[in-house]
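Below is one structure; the comments refer to it alone.
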Amino acid sequence: MIALIAALALTAAPPSSGASSGGVPALMPVYGVSTDGRGVTVQLQPAGCATLKSDFTVAISKAVDRPTILIARRGAGRSLVACQTQPREVAITWSYDDLGLKPGQPFSLANPLVMAP
């Protein structure tokens, strides 16, 4: 799983704060996570005015007891357009099927959970 996280972190666009020691970008912070019948919803820093689910990539370790999910921003994309009132956070929902999980299945999140700005 460490190799999976390192590989995804290397291919993800580094956050605005730059790389952490060792040249690997810091993991993208998550402001909140919730689950319901639709799937897993994650509150993230927006990737521009029209943030889309496709602006992010998700890696999942297939651990039998508890898979780990890692969310990273893809490289600069079409939605990285400045807007007059940039949202502070955006909620993106991935279905259980998107994530290869069964509804209600326990999982861990590799990203750091931090308070929204």
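Rule-based calculations on the coordinates, nothing more; no lab input. The shown structure was predicted, so the numbers you read here are calculated from the model rather than taken from an experiment. Methodologically, a virtual Cβ is constructed for each residue, glycine included, from the backbone with ideal geometry; neighbour enumeration extends over all protein chains shown.
In vacuum, with every alpha carbon of the range 27-72 counted as one equal point scatterer, what does the Debye formula give for log10 I(q)/I(0) at q = 0.15, 0.19, 0.24 Å⁻¹? Two decimals, please. Per q value, in the given order, log10 I(q)/I(0) is -0.45, -0.72, -1.06. With Cβ to Cβ distances under 15 Å as the rule, what net charge do the other residues near Pro103 carry (K, R +1; D, E -1)? Local net charge: -1.
Each of the peptides 94-102, 38-46 was scored by the mean count of other Cβ atoms within 10 Å over its residues; in descending order, highest first, they stand as 38-46, 94-102.
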